[in-house]
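The values are calculated or read from the model by the stated rules, or taken from the named source; none is laboratory data. Here the structure is a predicted model, which is why all the values come from computation and not from measurement. Neighbour counts run over all protein chains shown; Cβ positions are idealised from the backbone, glycine included. Side chains included, ligands, DNA and RNA excluded: accessible areas come from the protein's heavy atoms. Shrake-Rupley method; radii C 1.70, N 1.55, O 1.52, S 1.80 Å.
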Amino acid sequence: MSIKECFDALLGNGSAAQVRIIRNIRIPRVLAALIAGAGLSVSGLIMQTNLNNPMASPATLGVSNAAVFGANLSIIAFAGGFLSTGNNLSSYTTGANPYSTSLMAFIFSTISIVVILGLCRLRSFRPGVVVLAGVAIGSVWTAATTILQFYATDVGLSAAVIWTFGDLGRATYKTDIIMAIVVVVGITVFIITSWRLNALLSGDAAAKSIGVNVNTLRFISMLIASMITAVCVSFLGMIGFVGIICPHVIKKILGQDHRVSIPGAALSGSILLLLADTLSRSMGNGSALPVGAITSMLGAPFFLIIILFRKEGRS
Amino acid sequence: MLEIKDLTFRYSKRAPLVLDKISLTLNNGEIGVVLGKNGSGKTTLFKNILGIEKPDSGSITYDGKDLLKLSRGARAAYIAYVPQDIQFGDLTVFDTVLMGRMPYFGLKAGKEDETITLNILEDMGLSELVSRNANELSGGERQKIAIARALVQEPKLLVFDEPTGNLDIANEQLILKEAKRVAKEKGIGILTSLHDLNQALDLGTKFFFIKNGKIEYQGGPETVTETVIKEIFNADVEIIEHDNRRIIITR
C-alpha cells in the first residue's frame, strides 16, 4: 500500500480490506510500539536509578523470566491462549480465552515481583540485594521453564518458544488500552516524583537527609516499573534491550535529571520500538521477524558509539 | 540547642552496642567536634541524629522538640547533612543545590525556593558555577556545593562528616573557613568529625571524645589534653603553645 492509500484507509476511504488492515492490524500495532517502547524504556531508567546500577533493566526483578514461565505453563500444560504468533489473526477468535496465556504470564510476573520485593524489604531494599535476589529468583523461573519444555510436545514447545519472541502483532485495541493505562499512570507517578528520584542520585544517606523516604520511594517505583514491564511482556512477549539502551542514550545526551530524562526515555523508547517493528516487518520476507532482535541490532551500535566516543563526566 | 540523652543503638538484635548511652548538648552557633578512633561510633552517631538509623533507646531533641517523632521531611528542616562521600547526579549546580529545598517544596520548586538557592550560591561565591554540571567540578567546589545544598535547607544544625577527608590543603582551609563563617553568621550549630586533631582544635568550640560507643569526655578546648588523647587514641602526643595557638605534635 502507498502512503496515500494508507491515509485513505485510515479515514475509511480505501477498500474494505485496506481499511481493515490499517485500522485493525497496523494501528493497534503502532500504538503498541509507542506505548510499550515508552513503558519499557522509562522502567529501565527507573530501575537503573533505584539500583544505582547501569546494567539494571525492566526485567531485573525476574519479571520477564516469570512471564515466560507463566506463558509456557499456559501453552504447554494447558494448551491455552493463542498458540501461534500474532500474525495469525484467527488465534484471537479460537480457544477458550485468547488472553489466557497473557494472563498466566502476568500472574507469574506479579508473583515474582511480590516475592522479590517482599524478600528485599527484609534488607531495606539495598540495591545489591535487590539485583542478586532478582538474578536468583529469575534463574528459578528459567529452570522451571526448562523442565516444562523438556516434557512438552513438539507443537507445544514450538508455540512456547515462539511466544517468547517479542511480537507487536499480538496487540489489539483492548491490549493497547490496558497497556496505555498502566504506562501512563506509571510515567505520571515517575514524573511527579522526579525530584525525589534525582535525590537518589546523591546516595541514600544524602537523600534521606533532605527528607526523602528512600525505602518507600524505592519500593513504589520498582513496583510500578516492574508492573509496566509485566503488562507489556505478558501481551507482547520479550522485547529486550529497549529498557537498557534508551535510558543510557538519553542520560548521555540529556543528563540524569529525571524531569528531562523520563520524557526523553519515553520518547526514545517509542521511536526505537516503532522503528524496529517497521524494520522487522520489512525484513521478514512476508512475516515479521522478532522485534526484540531488531531493537538490539538497531540500538546496540548506536549505544556503543555513545558510550565509547562521548566525553564522560566525573561520575 | 541539640540535646541527646542516653542514646543507645545496635545494628541488629544480636550485634554489640555501637552507641552506649550517649548524652551530649550543643548550643546554636557552636561547632562540636566528635573525636575518636575509626569504628568508635562517630558516623553511627551522626546517622542516628539524622534519622538514617533509628536508635534503640534514648532521646534527641532540638530546642525541646523531639526529633525522633518528626517525619523525615520535617526533620530535614531541622538538620542538614554534608556526607563524607559526596555524590551528585549529572545535574547543574543550581538544581543540585535547589534539591535541598525539598523539605519545603514537596513536588515542584517555587519562586521562593529558587530565590533562596540563588542567594546562598551568591553568598558562597558559587554564582558563576550555577549552570555547570556539579559532577565535573573540583573536590573543593563539590564540597562547597554540598554545604550550599545543606544551607538551603535552612537547618538549625549541620552535620558534617569528615569535611576535609579527601581535600588538598588549600581546599581544607577553604572548607574549614566556610564552616566557621556559617556557624558564626547564621548561628547554625555544627556537629562534625575530624581525624586531624590540629584542625579540630582550630575549628571546634566543643569537643566530644568517643571510645567504644561511649562519650568519655566532653567540653571546651581545655578538654583536649595529652592524657585524654592518649586514652582515646592510644597515641603519644605533646601539646605546645605557639602564637597563642595550641598545636598537637606526635612524640
| task | Just list whichever of A:LYS208/B:LYS111; B:LYS180/B:LYS211; B:LYS5/B:LYS144; A:LYS252/B:LYS108 have alpha carbons separated by over 28 Å in the model shown. | result | B:LYS5/B:LYS144
| field | Mean separation of Cα contacts under 8 Å (6+ apart) over length of chain B, as relative contact order % | value | 25 percent
| request: Any chance you could check the Cα centroid distance between the stretch B:72-139 and the stretch A:269-306 for me, in angstrom? | output: 41 Å
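Averaged across the residues of A:210-222, what count of C-beta atoms belonging to other chains lies within 10 Å of each residue's C-beta?
Mean number of neighbouring Cβ atoms from other chains: 3.
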| note | Taking B:11-24, A:43-56 and ranking on average Cβ neighbours within 10 Å, highest first, one gets A:43-56, B:11-24
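Go ahead and run the numbers for FRET between B:LYS108 and A:ASN215, Cβ-Cβ distance against an R0 of 22 Å, rounding to 0.05. Walk me through the intermediate numbers first.
On the way: r = 23 Å, r/R0 = 1.05.
Computed FRET efficiency for B:LYS108 and A:ASN215 comes out at 0.45.
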| message | Which residues does the label zone of A:LEU119 cover in the stretch A:47-61, counting backbone N under 20 Å from a point 7 Å along Cα→Cβ? | response | A:47-48, A:50-53, A:55-61
| query | Cα centroid distance between the stretch B:221-251 and the stretch A:143-190, in Å? | reply | 70 Å
| Rg(Cα) / (2.2 N^0.38 Å) computed for the protein assembly as shown, rounded to two decimals | 1.18
| Segment A:LEU223-A:ASP154, extension gain: residue separation times 0.36 nm, minus the distance between their alpha carbons | 21.2 nm
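Which whole-number percent is the relative contact order of chain A (Cα, under 8 Å, 6+ apart)? Provide the component values of the computation, followed by the final result.
Numbers: 494 pairs, mean separation 89.2, N = 315.
Taking the mean separation of contacting Cα pairs over the length of chain A, I get 28 percent.
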| query | Taking the alpha carbon gyration tensor of the stretch B:89-154, what are the square roots of 5 times its eigenvalues, largest first, to the nearest whole Å? | reply | 18, 12, 10
| Which value in deg cm²/dmol, rounded to the nearest 500, describes the helix-derived mean residue ellipticity at 222 nm for chain A, given -39,500 (n - 2.57) per DSSP H run of n ≥ 4 and division by the residue count? | -23000 deg cm²/dmol
| field | Simple label model, 7 Å out from Cα along Cβ direction - A:SER139 to B:LYS54, nm | value | 3.3 nm
| field | Peptide ranges B:219-227, B:77-85 listed from the most packed, as the mean C-beta count within 10 angstrom indicates | value | B:77-85, B:219-227
| task | Any chance you could look up the accessible area of A:PHE106 with a 1.4 Å probe, heavy atoms only, rounded to 10 Å²? | result | 60 Å²
| Pairwise burial A:B, computed as accessible area of each alone minus the pair, summed, 1.4 Å, Å² | 2300 Å²
| field | Label-point separation, A:LYS174 to A:ILE253 (7 Å along Cα→Cβ), nm | value | 3.7 nm
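Based on DSSP H runs of at least 4 residues, each adding -39500 (n - 2.57), what is the mean residue ellipticity at 222 nm of chain B after dividing by all its residues, to the nearest 500 deg cm²/dmol?
The helix-only estimate for chain B comes to -9500 deg cm²/dmol at 222 nm.
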| Efficiency of FRET from Cβ geometry, B:LYS186 and A:LYS4, R₀ 51 Å, rounded to 0.05 | 0.15
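Work out the FRET efficiency for B:ASP123 and B:ARG14 from their Cβ-Cβ distance, taking R0 = 41 Å, and round it to the nearest 0.05. It would help to have the intermediate numbers written out before the result.
On the way: r = 48 Å, r/R0 = 1.18.
Rounded to the nearest 0.05, the efficiency is 0.25.
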| Taking each residue of A:187-197 in turn, how many C-beta atoms of other protein chains fall within 10 Å of its C-beta, and what is the average? | 2
| query | In whole percent, what relative contact order does the stretch B:22-131 give with Cα contacts below 8 Å and a gap of six or more residues? | reply | 16 percent
| field | Debye equation applied to the C-alpha atoms of chain B, log10 I(q)/I(0) at 0.07 Å⁻¹ | value | -0.24
| field | Separation of the A:MET55 and A:LEU11 label points, Cα + 7 Å toward Cβ, nm | value | 5.3 nm
| query | When the Cα atoms of the stretch B:134-251 are enclosed in a convex hull and the volume is divided per residue, what value in Å³ results? | reply | 131 Å³
| task | Work out the charge dipole of the protein assembly as shown with +1 on the Cβ of Lys and Arg and -1 on the Cβ of Asp and Glu about the Cα centre, then indicate which of A:LEU122, B:PHE105, A:ILE307 is farthest towards its positive end. | result | A:LEU122
| What percentage of all Cα-Cα pairs in chain A are separated by more than 28 Å? | 40 percent
| remark: Output field shielding_mean for B:80-93 (other chain Cβ, 10 Å radius) holds 6
